[in-house]
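First up is the structure itself, then whatever we jot down about it.
The values are calculated or read from the model by the stated rules, or taken from the named source; none is laboratory data. Source: prediction; values computed, not measured. Note that each Cβ is placed from the backbone with ideal geometry, even for glycine, and that neighbours are counted across all protein chains shown.
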Amino acid sequence: MVNWKWGKKADMYQVRHKFPKDFMWGGAFAANQAEGAWDIDGKGPSIADYHIGGLPDKYLNKREDATIENQRENFILNEGFNYPKQRGVDFYHHYKEDMALMAEMGLRCLRISIAWSRIFPKGDEQNPNESGLKFYDDLFDEMLKYGIAPIVTISHYEMPVHLVLKYNGWHSRCMIDFYIKYCEVIFHRYSSKVKYWIPFNQINLLSFNTLGFLKDPDKNELTMMFQAVHHQFITQALSKKIAHKYRNDLLIGTMLSDKTAYPATCKPEDILFATLKNKMQYFFSDVAMNGYYPPYAFRYFEENGVSLKFAAEDELLLKQYKMDFLSFSYYYTQTADASENSYSLRDYSKNPYLMASDWGWTIDAIGLRTVLNIYNDRYHCPLFIAENGFGAVDVLEADGSVHDHYRISYLREHFKQMKEAIRDGVDLIGYTVWSPIDIVSCGTSEMKKRYGMIYVDLDDFGNGSNKRYRKESFHWYKEVIASNGEYL
Ligand code: BG6
C-alpha cells in the first residue's frame, strides 16, 4: 500500500517541480451511483434511490404542491418508475472485475462511499445489518489486495429514507446520534483497513440530497438549511472524536464542492460581491478547519433572517475537533455579477472567456491552480482533490474502443495546473478522478453523462450488456500514474 506522510510541506527554500513521489493518484465514486442492488441483502431504501434528476418525468406521479405531506408521499407514489440509481452499474456484483481493472490502471487509492442504508437500513435500528458490513469488508480486502488505499466518504447523498420521513433529516438534532452510532460501527469494523475518512460529501451544497429535510412552507428555508448543516458540523467534529477511540491516527477530512466565483468585471461592486459570495462558500471549510463560526457569517445570518439554535457543548466540540485535511471537488468556476446574481451557489453568470461541456459546466483548468492557492493560503493544510473529471457523451465503437480524447485533454490541462500549484508551494497530496468507471450521474441520473475511463455498456433505462470496456483515457491515465505525472 502507498504510504505517504500526511501534511508533508514542500522542502524549504526549494521549488518543487514534480509531483511528490508518494502522490495519491486515484479514482472516486459514490455507492448510490455505482452499486445498484438497492434492495438486496437487507439494504433499506435511501433518498438517492428515488432520484430522477434530469430524466423525463412525465410518467412520474409527483405532487407539486409542496406541503410536507405531499413531499412525503412523493417517495412512495412512484414504485416501479425508472430510477437509475437503484441499479447503478451493479458494482455490488461486479466489484471484483472492476477492482481488477482499476488495479490495471495503477490506481494508488480509491475514494468510495458506504451506503448508510446498507449498514442501518432504516437508520434508527439498534443493530447493524451484517450482510451490508460484510460487503464493505470484502470490498476493502479486494482493494488492499492490489495495494489500493481506500478513502471513505461516510455519507454521500444517500441517507435512509426513513430518517427523512420520521425525523425530517438533518433538520433534527437527533440525526447526530444516528450518524454517530453508524460511525461507531464502521470505525470499529474497518479502522484497520481504512485510514482516511470524509464524513460528508460536499458539506457546502445545501440541498435535499445533502440535508434530507422536507421544506416547511411556514419556516424560513435558509434557517432550516443552516440549522441542518450546523448539526452536520457537530457530527463531523464528533466523528473525529469517535474515530480516535478506535485508532489514533485515523484522519478525518472535510469536503467542499468548490464553486469559487470570479468577479464579472473589475467594477468595485463586482469585486466586493465575488469576495463576499466566495466567503459564504469558504464558511463551511472555515468552520471545519478553524473550529469556529467566522464573524462574517453572523452578518449574513442577520441580513437573511437566519436564526440558529446552538447547544452549550457545540462551541467546544468545533474547537477541539478540527478537521485534519481539506478535500474538495473541482469541476468548474463561476462568475459573479453584483447586479444579477444572488449569494446562492447555483446563481451565477456566464463567463465569456471559457468553453463549457455539453451540460454547461465551464472548462477552466487555470481556475484549479487559483483555488489550490486560495485554499493553501487560507488553511495552510494538506489539500486533496477528491473529485474532478469530464462528463460527456461517449461512443462505444464496434471494436470495443472508446476514443475520449476530449476527456484526456481536459484532464491533461488540469494536471498541468496541479503541477504549477505544487511549484507555487501548495501542499497537494492527492487527486481522485471522477470517476475511474462510468456510473449514473448524480445531478441528472443519466448514464449518458459519462465520466469514466472504463466504459459500462448500459443506457439511461438499464438496457445494455453491462460489459466493461477500456477507454482511451484508461491507457493514458495508466501512463500518467506510472510516470507520477511526468507523462502528460
Ligand atoms: C459531485 C458529486 O458534485 O459532482 C458527485 O459529489 C457527482 O456525486 C459529480 O457525480 C458530478 O456531477 P454529475 O451530476 O455530473 O454526476
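Look at (1) more than 30 Å from Gly169 (Cβ to Cβ); (2) at pLDDT 95 or above; (3) touching an Asp or Glu at 6+ places or on another chain (Cβ under 9 Å) and you find that Gly42 fails only one, number (1). When we screen Leu139, Leu110 for residues that are within 16 Å of the ligand (Cβ to nearest atom) and over 30 Å from Leu308 (Cα atoms), the only hit is Leu110. In the set (1) surrounded by 24 or more Cβ atoms within 10 Å (Cβ to Cβ); (2) away from the ligand (no atom under 16 Å from the Cβ), Lys85 fails one condition alone, (2). Contact map, segment 467-488: residues that are of a type in the set (Lys, Arg) paired with residues that are surrounded by fewer than 19 Cβ atoms within 10 Å (Cβ to Cβ), Cβ distance under 6 Å, separation 6+ or inter-chain. Pairs shown: Lys467/Asp457; Lys478/Gly106. Scanning segment 364-390 for residues that are surrounded by 21 or more Cβ atoms within 10 Å (Cβ to Cβ) and not in a helix (DSSP H, G or I) turns up Asp364, Pro382, Leu383, Phe384, Ile385, Ala386, Glu387, Asn388, Gly389, Phe390. Residue selection: Tyr246 fails the criterion of being touching a Gly at 6+ places or on another chain (Cβ under 8 Å) and of a type in the set (Phe, Trp, Tyr). Selection of segment 227-264 for residues being closer than 21 Å to Ser329 by Cβ and hydrophobic (A, V, I, L, M, F, W, C) yields Ala228, Val229, Phe233, Leu251, Ile252, Met255, Leu256, Ala261.
Which of the residues belonging to segment 420-466 are in a loop (DSSP other than H, G, I, E, B), within 16 Å of Met105 (Cβ to Cβ) and more than 8 Å from the ligand (Cβ to nearest atom)?
Looking only at segment 420-466, we keep the residues that are in a loop (DSSP other than H, G, I, E, B), and these are 424-427, 435-436, 438-449, 451-453, 457-466.
Still in the list and also within 16 Å of Met105 (Cβ to Cβ): 435-436, 438-439, 451-453.
Passing the criteria: Pro436, Asp438, Gly452, Met453.
When segment 369-419 is filtered for residues that are among the aromatic types (Phe, Trp, Tyr) and within 16 Å of the ligand (Cβ to nearest atom), the ones remaining, listed by number, are Phe384, Phe390, Tyr406, Tyr410. Looking across segment 214-238, the residues that are over 20 Å from Glu315 (Cα atoms) and in a helix (DSSP H, G or I) come down to Glu221, Leu222.
The set of residues in segment 304-327 that are in a strand (DSSP E or B) and in contact with a helix residue (DSSP H, G or I) (Cβ under 7 Å, 6 or more places away or on another chain) contains only Leu326. Can you spot a residue in segment 280-303 that is in contact with a Ser or Thr (Cβ under 8 Å, 6 or more places away or on another chain), part of a helix (DSSP H, G or I), within 14 Å of the ligand (Cβ to nearest atom) and modelled with pLDDT under 95? Checked against the condition, which is being in contact with a Ser or Thr (Cβ under 8 Å, 6 or more places away or on another chain), part of a helix (DSSP H, G or I), within 14 Å of the ligand (Cβ to nearest atom) and modelled with pLDDT under 95, segment 280-303 yields at least one hit. Of all residues in segment 467-488, how many are assigned to a helix (DSSP H, G or I) and within 15 Å of Leu107 (Cβ to Cβ)? Residues that pass the stated criteria total 10.
Quick grid of which residues meet (1) modelled with pLDDT of 95 or more; (2) basic (Lys, Arg); (3) more than 27 Å from Asn82 (Cα to Cα):
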| site | (1), (2), (3) |
| --- | --- |
| Ala386 | yes, no, yes |
| Tyr406 | yes, no, yes |
| Ala421 | yes, no, yes |
| Gly425 | no, no, yes |
| Gly430 | yes, no, yes |
| Ile437 | yes, no, no |
| Gly443 | no, no, no |
| Lys449 | yes, yes, no |
| Tyr455 | yes, no, no |
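Here Gly88, Gly54, Gly80, Gly7 are screened, and the one residue that is among the small types (Gly, Ala, Ser) and at pLDDT 95 or above is Gly88.
If a residue must be in a loop (DSSP other than H, G, I, E, B) and either in contact with a Phe, Trp or Tyr (Cβ under 7 Å, 6 or more places away or on another chain) or within 12 Å of the ligand (Cβ to nearest atom) (or both), how many such residues does segment 352-363 contain?
6
Looking across segment 243-268 at every residue that is in a helix (DSSP H, G or I) and modelled with pLDDT of 95 or more, the one that is nearest to Trp361 (Cα to Cα) is identified as Pro268.
May I ask you to verify whether Lys195 is away from the ligand (no atom under 16 Å from the Cβ) and within 18 Å of the chain's Cα centre (by Cα)? Taking the combined requirement at face value, the residue satisfies it. If the condition is being over 20 Å from Gly123 (Cβ atoms), of a type in the set (Phe, Trp, Tyr) and within 20 Å of the chain's Cα centre (by Cα), then segment 206-253 contributes only Phe226. Applying a threshold of 7 Å to beta carbon distances and a minimum spacing of six or more residues, or different chains, the list of pairs starting in segment 358-374 at a residue that is under 11 Å from Tyr332 (Cβ atoms) and β-branched (Val, Ile, Thr) and ending at one that is away from the ligand (no atom under 15 Å from the Cβ) and assigned to a loop (DSSP other than H, G, I, E, B) reads Thr362/Asn351; Thr362/Leu354; Ile363/Leu354; Ile363/Met355. The criterion of being among the small types (Gly, Ala, Ser), touching a helix residue (DSSP H, G or I) at 6+ places or on another chain (Cβ under 9 Å) and at pLDDT 95 or above does not hold for Ser207.
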